[in-house]
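A.B. asks: This is the structure, below, for whatever I ask next.
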Amino acid sequence: MKKYGFLLLFSYLLCCQRLAAQQQFDLETVFRQINAEVLSHSEAYTRLGESIQQIGHRLTGSPNGSKAEQYAFDLLKAYGFEDVAFQPFTVNGWARESLDLRIGSSGNMQPVKAVALASTPASASAAGELVDMGNGLESDYTANPDKAKGKIVLAALNLLPGSPEGAKNLHRSAKAALAIKYGAKGIILFNSVAGGTLLTGTASITGDLLTIPALCVGLEDGNMLKSRIAEGKQEAAIEMKNKAGKMQARNVVARITGSEYPNEKIVVGGHLDSWDLSPGAVDNGLGAFSVIDMARTFKALGIKPKRTIEFVLFMGEEQGLLGSKAYVQHAVSAGSLDQIRFMLNFDMTNDPKSYHATLEGSRTLFEEIGRSASMVDTTFKGTFAASAGLYSDHQPFMLQGIPTGGAGGALSREALNCYHADCDIFALINEQQMRNTVRFSSMLIYGLANADAIPVKRMSDTDIKQLMLDNNLEESLRLGGDWRWD
Ligand SMILES: [Zn+2]
């Protein structure tokens, strides 16, 4: 009996090994097709360049934003998707109109180049003494609580050289909130990137309009103002006009219906919207047009995966993940949230070498997919890391307990310096690296959509809370008003 049992076990192991080997072979066969298709026919780089030329920036709620939505829709149709749809939603939109910043001594006020941060007032007129609040952290105010009252604050966006050890920087929106708390009439933040680079982004924690003007000036101007304040009294005058109010935006959703499990869904997302100072080539033309090209690749190869894949171009990410929140809300209302088995997000994903996911339980499957991908191209390492972070379109899915993940990559220093800045232009995009994003991410999508089983399930509320605590995300979620476990 013992011997027989051993034989049974032996033949069982042999069979499983064969099965695993067969699966690996099947995966590799499709991966080789994906690889060849992307390397010879990828349109990601060209289409991004073309859209930038034709449209420019893709600010949510603006005419440009609407053109970008239509461009993505038409392109997906042209790639053969019958099932493409707009998913409209309403946002508290914001668009800059005019800004005039003058600094000097009374009778000799000189213009300084500046941009408004998003969510600043529709109309503001502020004048007063300019005071240097260092890093603009709470400790800078508590050291001299009345210093900012009735004044206009100058503070650094990033920590100044020589800042106390262990000082933790705050988001620009938190710095604006502190200026308001300590009675300032306005806040001018200066960038840390050389060359007069101007940065935008939202200055509001809650998404509501600020009560004071908040703007950004370049590094050199910031340093010049700091030394002039040190030498003597400086006055600042700000006049700003912006457009704010309810605006319409549309996510774009293209679907391939699964052959075996049509009610199980892999959502592949990337935000199409950008800020308005530049065409947002890296943030996130890179991710959005990579996602569109992943969709093209699946259609070109006629891939019919077991599970449904939805390729989603989100709008409103920059204003606070508005498009992905609308998508999730829609799924909650439709009772279809449990159909989403995985969400893969591509935000500034460039030249990936590895995969990642929120849950450690995804490791075996992701490593198997990674191994097959690295068989096709050894420059792809195929390693896996489990981690959870915030501030992109996976967040609303993650907070509903849906497993999320993606592909890990790297950007040049030059590209990182232009984050949210006026220099985020097409010249920062590397065609070959963008193609790598498309091919290795398409392999991950296929691996998930076609897996016999996905080992991780939607988390319970208790498990979501634990995941957030384990990843040190409580404070950030509280600041954003997204902590729900009190
Ligand atoms: Zn982004």
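The values are calculated or read from the model by the stated rules, or taken from the named source; none is laboratory data. Given the structure is predicted, the values throughout are model-derived calculations rather than measurements. Neighbour counts run over all protein chains shown; Cβ positions are idealised from the backbone, glycine included. Just so you know, the surface numbers come from the protein's heavy atoms only, side chains and all, with ligands and any DNA or RNA stripped out. Shrake-Rupley method; radii C 1.70, N 1.55, O 1.52, S 1.80 Å.
A.B. asks: Given all pairs of different Cα atoms, what value in angstroms does the Kirkwood hydrodynamic radius of the range 128-214 take? Each step should come with its number before you reach the end.
C.D. replies: Values: mean 1/r = 0.0762 Å⁻¹.
One over the average 1/r among Cα pairs gives 13.1 Å for the range 128-214.
A.B. asks: Given a 1.4 angstrom probe, I'd like the percentage of the accessible area of the range 87-226 that is carbon and sulfur, rounded to a whole number.
C.D. replies: Values: 3070 of 5790 Å².
Whole-percent figure for carbon plus sulfur exposure: 53.
A.B. asks: Are any of the pairs K185/K325; K77/K325; K67/K181; K113/K233 more than 31 Å apart by Cα-Cα distance, and if so, which?
C.D. replies: As for pairs spanning more than 31 Å Cα to Cα, those are K185/K325; K67/K181.
A.B. asks: Also, quick follow-up: Given axes a ≥ b ≥ c from the Cα gyration tensor, I'd like to know whether the range 163-279 is rounded (a/c under 1.5), prolate (a/b larger than b/c) or oblate.
C.D. replies: On the way: a/c = 2.61, a/b = 2.26, b/c = 1.16.
Prolate, because a/c is 1.5 or more and a/b exceeds b/c.
A.B. asks: With Cβ to Cβ distances under 15 Å as the rule, what net charge do the other residues near L170 carry (K, R +1; D, E -1)?
C.D. replies: That works out to +2.
A.B. asks: Report the local net charge at R32: Lys and Arg +1, Asp and Glu -1, summed over other residues whose C-beta lies under 15 Å from its C-beta. Please report the intermediate quantities before stating the final value.
C.D. replies: Details: positive: R371, R439; negative: D26, E28, E37, D377.
Result for the local shell: -2.
A.B. asks: Here's something else I'd like to know. Let's test the formula: R0 of 41 Å, r as the Cβ-Cβ distance of D463 and Q24. What FRET efficiency results, to the nearest 0.05?
C.D. replies: Values: r = 31 Å, r/R0 = 0.75.
About 0.85, to the nearest 0.05.
A.B. asks: Can you list the aspartates and glutamates whose alpha carbon sits under 12 Å from that of K465, skipping same-chain ones fewer than 8 residues off?
C.D. replies: In chain and number order, the partners are E474, D482, D486.
A.B. asks: To the nearest Å, what is the center-to-center distance of the range 145-159 and the range 55-81, using C-alpha atoms only?
C.D. replies: 40 Å
A.B. asks: For the Cα atoms of the chain, what angle does the longest principal axis make with the long axis of helix 287-300, in degrees from 0 to 90, nearest 10?
C.D. replies: Between helix and principal axis, roughly 20 degrees.
A.B. asks: Another one. Give me the net charge of M133's neighbourhood, meaning all other residues with Cβ under 11 Å from the Cβ of M133; Lys, Arg count +1, Asp, Glu -1.
C.D. replies: On the way: positive: K147, K151, K175, K226; negative: D132, E138, D140.
Local net charge: +1.
A.B. asks: Expected output is a single nm value to one decimal: the length gained when fully extending between K304 and E220, i.e. 0.36 nm times separation in residues minus the C-alpha distance. What is it? Don't skip to the end; give the middle numbers.
C.D. replies: Details: separation 84, 0.36 × 84 = 30.24 nm, distance 5.50 nm.
Taking 0.36 nm per residue and subtracting the Cα distance, the gain is 24.7 nm.
A.B. asks: Treating cross-link reach as a plain straight distance, find the lysines whose alpha-carbon is under 23 Å from the alpha-carbon of K381, omitting any fewer than eight places away in the same chain.
C.D. replies: K353
A.B. asks: What is the helix-to-structure angle for 172-181, meaning the angle in degrees between its Cα long axis and the longest Cα principal axis of the chain, kept from 0 to 90 and rounded to the nearest 10?
C.D. replies: Once rounded, the angle reads 40 degrees.
A.B. asks: Taking the Cα centre of the range 360-486 as origin, sum charge times position over the Cβ atoms of Lys and Arg (+1) and Asp and Glu (-1), and report the length of that vector in debye to the nearest 20.
C.D. replies: On the way: 11 positive and 17 negative charges, 67 e Å.
It works out to roughly 320 debye.
A.B. asks: How far apart, in nm, are the 7 Å Cα→Cβ label points at K67 and E414?
C.D. replies: Simple spin-label model gives 2.6 nm for this pair.
A.B. asks: Give the peptides 61-68, 259-266 in descending order of average Cβ contacts within 10 Å, highest first.
C.D. replies: Details: 61-68: 20.8, 259-266: 16.5.
Per-residue Cβ counts within 10 Å, averaged per peptide and sorted highest first, yield 61-68, 259-266.
A.B. asks: Work out, step by step, the length gained on full extension between N430 and D100: first 0.36 nm times the residue separation, then minus their alpha carbon distance; give nm to one decimal. Walk me through the numbers on the way to the answer.
C.D. replies: Details: separation 330, 0.36 × 330 = 118.80 nm, distance 3.63 nm.
Length difference between fully extended and current span is 115.2 nm.
A.B. asks: What percent do you get for the relative contact order of the chain when only Cα pairs under 8 Å and 6+ apart count?
C.D. replies: Values: 1029 pairs, mean separation 91.7, N = 486.
This gives 19 percent for the chain.
A.B. asks: Still on this structure, please answer the following. Can you give the angle from 0 to 90° between the axis of helix 461-470 and the longest principal axis of the chain, with both taken from C-alpha atoms, to the nearest 10?
C.D. replies: Result, in degrees: 60.
A.B. asks: Which shape class, rounded, prolate or oblate, goes with the chain when its Cα gyration tensor gives a ≥ b ≥ c as root eigenvalues, a/c under 1.5 marks rounded, and past that a/b bigger than b/c marks prolate? Could you put the intermediate results ahead of the total?
C.D. replies: Working: a/c = 2.28, a/b = 1.92, b/c = 1.19.
The shape class here is prolate.
A.B. asks: I want the antiparallel fraction of DSSP beta bridges within the chain, as a percent rounded to 5.
C.D. replies: Details: 44 of 76 bridges.
That works out to approximately 60 percent antiparallel.
A.B. asks: Shifting gears a bit: Does the range 348-418 classify as rounded, prolate or oblate by the C-alpha gyration tensor (a ≥ b ≥ c root eigenvalues; a/c under 1.5 gives rounded; else a/b over b/c gives prolate, otherwise oblate)? Walk me through the intermediate numbers first.
C.D. replies: On the way: a/c = 2.87, a/b = 1.04, b/c = 2.75.
Oblate shape, in that a/c is at least 1.5 and b/c is the bigger or equal ratio.
A.B. asks: Ranked highest first by the average count of other Cβ atoms within 10 Å around their residues, in what order do 328-334, 147-153 fall?
C.D. replies: Details: 328-334: 14.3, 147-153: 20.6.
Taking the mean over residues of other Cβ atoms within 10 Å, the ranking is 147-153, 328-334.
A.B. asks: Over what distance in Å are the Cα centres of the range 264-290 and the range 360-389 separated?
C.D. replies: Rounded to whole Å, the Cα centres lie 23 Å apart.
A.B. asks: Sort 217-223, 34-40, 370-376, 458-464 for me by packing, meaning the mean count of neighbouring Cβ atoms within 10 Å per residue, highest on top.
C.D. replies: 370-376, 217-223, 34-40, 458-464
A.B. asks: Measure off 7 Å from each Cα along the Cα-to-Cβ vector at K181 and W483, then give the distance between these two points in nanometres to one decimal.
C.D. replies: Roughly 1.3 nm, to one decimal.
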